[in-house]
Amino acid sequence: MDVSAARNVPSKRKRDISDDDNAVDLSILEAVEKSQNTIEVLDMKTLRRLVLAFERRLKDNIEARLKYPDQPEKFADSEIELHEEIEKLKILAGGPELYPELVNLNAVPSILGLLNHDNTDIAIDVVGLLQDLTDEDVLEDNDEPAQVLVDALVENNVLELLVQNLLRLSENDPDEMAAVYNTLATIENMIEVKPVVAEIVCERTKLMRWLLGKIKIREFDGNKQYASEILAILLQNSTANQKRLGQMNGVDVMLQAVAMYKSRDPKTQDEEEMVENLFDCLCCLLMPLENKEKFVKAEGVELMIIIMNQKKSCYGSATRALDFAMTNYPPACERFVDVMGLKTAFPAFMGKIPINSKNKKKRYKEELEERLVSLVASLFGGVLRGSRKERLLSKFVENECEKIDRLMELYMRYANRVKAETERMDELELDDLEMDDDEKYNRRLESGLYTLQLIAVILGHLWTSEHPKMSSRIELLLKQNRLTKKDVRDILQEYHDNIGDLEGPEEKERGQSRIQRFVTAFS
């Protein structure tokens, strides 16, 4: 079979070839080349003829294999002809509006059946065809035809068949390595069209286990990067998948994968993207309570602190993972204090962030700042008494209460941002662009209100600690910034009123009673 060898598989994301205005536009050349090779108009008649020819070659191949099962030379020609017909079907990617007719012609079951073909090359052809038909550029602006095709693929067990074929592919072979990539791309494309596919594929197949196995391999390659990306997509909006991966020892695997970068930086941009994907997976995994417990038992808190102390490019990602682990989970907060986490986190809280090429960007520093505020707020919520609480509070007294000064500096910055956004929305409403209260609140949250609320919560913890040095410092700083306790109280009251019941009515009530205590204290 004359199937061209695959090159090293690049990242799925398209990158600019050149920023030079005089550079050759490769997309135009590609379009011209395609138009020269296309000798027929793609319409309903062409579609039917292509499907008929494909079905005929498929029938010939089945008959030849049944007649001469032990004589490959007798069915080799029919296999080459079948390969050619599958290649011709790729032209259909140029007319996604014809997909409903492709489904009506009942071609989908015949195409998918070939994923089980004894000749792996034929299965690889089909994987390539599916990747072309579902490509994001093809399906863009073709929502209904895309939905019809993806629904038909799922109904005819495409996910099970793709993953079964994936399990028999060897990445030592360049064609099969490319087929691995195309398999993952097809699954990603289908999730884009039909998001529920993310849970269906994990319920019905061993894809998640295969992805974990790929991530375990120490050597980096393009498919390992793509596996990390697909796993992050599967986890990001699915509690079921987060729990499922946790039950597969996923927390341990992710910790082992990121531990490789605790004292070294990724060598290439692609490897850097993979590491970010791995941390995305870890953070998604840390949303269910049972996975937070696994993280603490696997010494994940210690590993993240080690990564922060090494001051390499994963510094910010490790901080983010700690924030996820410690949110609403006191055991992680207690472990953080026990293993000297305060000594690691507070220099960054004070603005001493390690500088490298990655975190020179302003937005990176702001995101890390917001994470650290969230982490400190979690510590106050999770460390409630005893020597740990004393150690936490003492951090805000040392060096003439410099951390309270920093807290008030952050308070003013985020308060000004929220004020500016509120004024912007008022101007929009004057132009008759009305927004409801929920939309306004969400816009303010995005502008920094959530971080401002957490800063107010930390101030509430400090104020109610009844430490005279702290309370007098807060009062002085409020006065210097022309604020009153009422300003802080108003922020806390709005936070109290908008606490949701995502984690159940009891947790909502507990959260509101905690904030009410601070509201009362600032009255």
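The values are calculated or read from the model by the stated rules, or taken from the named source; none is laboratory data. Just so it is clear, the model here is predicted, and its values are computed rather than measured. Glycine gets a Cβ as well: all are built from the backbone with ideal geometry, and neighbour counts include every protein chain shown. Surface areas here come from the heavy atoms of the whole protein model, side chains and all, with no ligands, DNA or RNA. Shrake-Rupley method; radii C 1.70, N 1.55, O 1.52, S 1.80 Å.
Let's see how each residue does on (1) modelled with pLDDT of 95 or more; (2) not hydrophobic (A, V, I, L, M, F, W, C):
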| residue | (1), (2) |
| --- | --- |
| 96 | no, yes |
| 139 | no, no |
| 150 | yes, no |
| 160 | yes, yes |
Within the stretch 383-433, the residues that are part of a helix (DSSP H, G or I), over 16 Å from residue 351 (Cβ atoms), open to solvent by less than 60 Å² (accessible area, probe 1.4 Å) and among the aliphatic types (A, V, I, L, M) are 392, 393, 415, 418, 420, 425, 428
If we take the stretch 127-224, then helices (runs of 4 or more DSSP H) inside it with 1 or more residues that are more than 30 Å from residue 100 (Cβ to Cβ) are 158-168, 174-193, 207-216
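For the stretch 154-169, name all the residues that are open to solvent by less than 70 Å² (accessible area, probe 1.4 Å) and more than 15 Å from residue 122 (Cα to Cα). Before the answer, list the steps.
Within the stretch 154-169, the first condition is being open to solvent by less than 70 Å² (accessible area, probe 1.4 Å), and the residues that meet it are 154, 156, 158-163, 165-166, 169.
Passing the criteria: 154, 156, 158, 159, 160, 163.
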Here the residues within the stretch 335-348 that are under 17 Å from residue 255 (Cβ atoms) and open to solvent by less than 50 Å² (accessible area, probe 1.4 Å) are 336, 339, 341
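Tell me which residues, restricted to the stretch 238-258, are open to solvent by 30 Å² or more (accessible area, probe 1.4 Å) and either in a helix (DSSP H, G or I) or touching a Cys at 6+ places or on another chain (Cβ under 9 Å) (or both). Even if it seems obvious, please write down each step before you answer.
First, the residues of the stretch 238-258 that are open to solvent by 30 Å² or more (accessible area, probe 1.4 Å): 239-240, 243-244, 247-249, 252, 256.
Across the stretch 238-258, the qualifying residues are 239, 240, 243, 244, 247, 252, 256.
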Filtering the stretch 259-276 down to residues that are crowded, with 17+ Cβ neighbours inside 10 Å and outside any helix (DSSP H, G or I) yields 261, 266
Going through the stretch 170-201 in order, the residues found to be surrounded by 19 or more Cβ atoms within 10 Å (Cβ to Cβ), polar (S, T, N, Q) and either modelled with pLDDT under 95 or touching a Ser or Thr at 6+ places or on another chain (Cβ under 7 Å) (or both) are 186, 189
Screening 305, 355 for residues that are open to solvent by less than 50 Å² (accessible area, probe 1.4 Å) and of a type in the set (Val, Ile, Thr) leaves only 305
The residue that is modelled with the highest pLDDT, considering only those in the stretch 125-137 that are surrounded by fewer than 21 Cβ atoms within 10 Å (Cβ to Cβ) and under 23 Å from the mean Cα position of the chain (by Cα), is 135
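Within the stretch 487-519, track down each residue that is of a type in the set (D, E, K, R), open to solvent by 90 Å² or more (accessible area, probe 1.4 Å) and assigned to a helix (DSSP H, G or I). Steps first, answer last, please.
Taking the stretch 487-519 as the starting set, the residues that turn out to be of a type in the set (D, E, K, R) are 487, 489-490, 494, 497, 501, 503, 506-510, 514, 517.
Of the ones still in play, those that are also open to solvent by 90 Å² or more (accessible area, probe 1.4 Å) are 497, 501, 503, 506, 509-510, 514, 517.
Within the stretch 487-519, 497, 506, 509, 510, 514, 517 qualify.
Can you report the number of residues in the stretch 277-295 which are within 18 Å of residue 337 (Cβ to Cβ) and either in contact (Cβ under 8 Å) with a residue 60 or more places away in the chain or crowded, with 21+ Cβ neighbours inside 10 Å (or both)? Walk me through it before giving the result.
Going through the stretch 277-295, the residues within 18 Å of residue 337 (Cβ to Cβ) turn out to be 292-293, 295.
Narrowing the set further to residues that are either in contact (Cβ under 8 Å) with a residue 60 or more places away in the chain or crowded, with 21+ Cβ neighbours inside 10 Å (or both) leaves 292, 295.
Qualifying residue count for the region: 2.
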From the option list 325, 298, 332, single residue qualifying as closer than 26 Å to residue 248 by Cβ, in contact with a Leu (Cβ under 6 Å, 6 or more places away or on another chain), of a type in the set (Gly, Ala, Ser) and buried (at least 21 other Cβ atoms within 10 Å of the Cβ) is 325
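Answer with yes or no whether residue 92 is over 27 Å from residue 217 (Cβ atoms), surrounded by 17 or more Cβ atoms within 10 Å (Cβ to Cβ) and free of Cβ contacts under 8 Å to residues at least 60 places away in the same chain. Can you show your working first?
Details: over 27 Å from residue 217 (Cβ atoms): yes; surrounded by 17 or more Cβ atoms within 10 Å (Cβ to Cβ): yes; free of Cβ contacts under 8 Å to residues at least 60 places away in the same chain: yes.
So residue 92 passes the test.
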